[in-house]
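The values are calculated or read from the model by the stated rules, or taken from the named source; none is laboratory data. Here the structure is a predicted model, which is why all the values come from computation and not from measurement. Using ideal geometry, Cβ is built from the backbone for each residue, glycine included, and neighbour counts are taken over all protein chains shown.
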């Protein structure tokens, strides 16, 4: 059996067939006929000197040799694909793919992106609103904006301002619940998307920050921060709103924040990309714009007494 690698086309055929466990589906993926794919796999088996598949009546299954080869073949092609995409991106200064969570996209990014597009008409911007963990080496993504603590190992990571939270409601509800005492009787809305924060940044923590021992037991809960704020805008109740999620609605007067005490968490948004990629023109332009847009509304924080959650006694 020769030690040299077999032809790449034969390995590609095997990889597709092993993933689909079907010669016909593998042929469709590679845009070849089933006969051509079968020939490639047969030549690979001859090169190896043993079968890789058992041909059954209407199916195939991997032999021991096939099961040994399949993971390495899959990893090899994935690595090659990632390297190819990385090289292509290095020579591309006009396209930019960004991923951010649906809530940040809806409440913060989308209302502002026209300014970036107007300032950089040469950049073709694509957005993927998802919380799925991205592999910036393998996925076709240039920048990820994520909320939390990190760590962001082996990535360029630029943390921006910490998040603070304060009660927000419609002006009409603010008239009904003008004091901290009356707020305990209000319909409170809960944001479950930040339940992972430690120490917790929730209603009980905020009430302790204003000197009240009160832990709400009832109220509507939402798994996405933007849905929490949308419910508050609709008059459903009072939300403990995150800075990034409430800025637009506060500015437009749809919500008010009558209690000028906010609690601050160590969690924050981070601008992430592969090391060295931050120097690519379109990524540097988007990073600088992202930071500048955050700083535009930094003055809003001046209206609040901001208390770190770490300083609030449980």
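The table that follows gives values for the structure above.
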| read-out | value |
| --- | --- |
| Some residue of segment 39-59 being surrounded by fewer than 15 Cβ atoms within 10 Å (Cβ to Cβ) and within 39 Å of the chain's Cα centre (by Cα) | yes |
| Check on residue 58, part of a loop (DSSP other than H, G, I, E, B) and under 17 Å from residue 4 (Cα atoms) | no |
| Test result for residue 275, touching a strand residue (DSSP E or B) at 6+ places or on another chain (Cβ under 6 Å), surrounded by fewer than 19 Cβ atoms within 10 Å (Cβ to Cβ), in contact (Cβ under 8 Å) with a residue 60 or more places away in the chain and farther than 18 Å from residue 110 by Cα | yes |
| Meets criteria (surrounded by fewer than 22 Cβ atoms within 10 Å (Cβ to Cβ) and not in a helix (DSSP H, G or I)) for residue 241 | no |
| Residue list for segment 187-217, filter: under 30 Å from the mean Cα position of the chain (by Cα) and assigned to a helix (DSSP H, G or I) | 192, 193, 194, 203, 204, 205, 206 |
| Qualifying residue in segment 291-298 (condition: outside any helix (DSSP H, G or I) and assigned by TED's automatic domain parsing to the domain that holds residue 153) | yes |
